[in-house]
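First comes the structure, then the notes that go with it.
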Amino acid sequence: MLTGNAHAADPVIDKLLVHKHERRLEVISNGEVIHTYRVALGEQPVGHKQEVGDNRTPEGFYSIDWRHKSPDYNLSMHLDYPNLKDQTSAYERGVDPGGMIMIHGTPIDEEYPEWYFEGLDWTNGCIALTNPEMRELWDLVPDGTLVEIRP
């Protein structure tokens with residue numbers, strides 16, 4: 001079931017594929033890339049998220065499990081990080097894996113206009129798009145969509 005302003009004629013989304021190295025998010029329908037977005041990542045973009053506060057974006061398979069309109073980051077869709085693998089790894093190392101990994105827009109802040117964030121990795125581990133792109137993605141992608149994040 002599609003959420004937001006989606007209609008029956010909208011394409012069925014198979015998954016979102018994030019290529020961290022290229023700072024690219026692809027929307028895939030029927031095995032084909034139908035949209036591509038440039039994204040910003042965590043301030044420490046190399047490597048898989050290990051623990052709370054490391055400012056890394058996770059790598060692996062997740063899904064969008066809920067969404068909300070954020071007073072700080074416009075629209076946001078939550079990823080179900082940490083998954084069981086992340087939780088087990090963190091437990092074995094005795095650390096908190098962190099959480100609240102989102103796909104979201106840019107901050108709504110008069111001091112820092114949206115263009116300020118272009119080309120920067122500035123999040124705490126989330127995946128960020130421009131606000132117009134986030135509105136488009138919000139309408140296109142339903143909750144439950146698979147999100148694959150590759151190095």
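Give the range 56-109 a look and list any residue that's touching a residue at least 60 places away in the same chain (Cβ under 8 Å) and of a type in the set (Asp, Glu), or say none.
Passing the criteria: Glu59, Asp65.
Given the criterion among the charged types (D, E, K, R) and assigned to a loop (DSSP other than H, G, I, E, B), identify the matching residue among Asp86, Asp121.
Exactly one residue qualifies, and that residue is Asp121.
Given (1) modelled with pLDDT of 95 or more; (2) more than 23 Å from Trp138 (Cα to Cα), identify the lone condition not met by Gln50.
Among (1) modelled with pLDDT of 95 or more; (2) more than 23 Å from Trp138 (Cα to Cα), the lone unmet condition for Gln50 is (1).
Which residue out of Glu51, Glu26 is touching a residue at least 40 places away in the same chain (Cβ under 8 Å) and either in a loop (DSSP other than H, G, I, E, B) or not small (Gly, Ala, Ser) (or both)?
When all the criteria are applied, what remains is Glu51.
Go through the range 131-151 and give me each residue that's farther than 18 Å from His48 by Cβ, in contact with a strand residue (DSSP E or B) (Cβ under 9 Å, 6 or more places away or on another chain) and not polar (S, T, N, Q).
Within the range 131-151, Glu133, Met134, Arg135, Glu136, Leu137, Trp138, Leu140, Val141, Pro142, Asp143, Gly144 qualify.
Just one of (1) at pLDDT below 95; (2) surrounded by 12 or more Cβ atoms within 10 Å (Cβ to Cβ); (3) outside any helix (DSSP H, G or I) trips up Tyr116, so point out which.
Here Tyr116 clears every test but (3).
Yes/no per residue for (1) loosely packed, with under 13 Cβ neighbours inside 10 Å; (2) within 22 Å of Val18 (Cα to Cα); (3) out of contact with any strand residue (DSSP E or B) (no Cβ under 6 Å at 6 or more places or on another chain); (4) among the polar types (S, T, N, Q):
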| position | (1), (2), (3), (4) |
| --- | --- |
| Asn55 | no, yes, no, yes |
| Glu59 | no, yes, no, no |
| Arg67 | no, yes, no, no |
| Asn83 | no, yes, yes, yes |
| Thr88 | yes, no, yes, yes |
| Pro97 | no, yes, yes, no |
| Met100 | yes, yes, yes, no |
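Among the residues that make up the range 3-10, is at least one of them modelled with pLDDT of 95 or more and surrounded by 16 or more Cβ atoms within 10 Å (Cβ to Cβ)? Give the steps one after another, and end with the answer.
So in the range 3-10, the residues modelled with pLDDT of 95 or more come out as none.
Within the range 3-10, none of the residues are modelled with pLDDT of 95 or more and surrounded by 16 or more Cβ atoms within 10 Å (Cβ to Cβ).
Among the residues of the range 11-47 satisfying the criterion of being among the acidic types (Asp, Glu) and out of contact with any strand residue (DSSP E or B) (no Cβ under 6 Å at 6 or more places or on another chain), which is modelled with the lowest pLDDT?
Filtering the range 11-47 for residues that are among the acidic types (Asp, Glu) and out of contact with any strand residue (DSSP E or B) (no Cβ under 6 Å at 6 or more places or on another chain), the one modelled with the lowest pLDDT comes out as Glu43.
The values are calculated or read from the model by the stated rules, or taken from the named source; none is laboratory data. Owing to the predicted nature of the structure, the values given are computational and were not obtained by experimental measurement. Cβ coordinates were reconstructed from backbone atoms using ideal geometry, including for glycine residues, and neighbour counts include every protein chain displayed.
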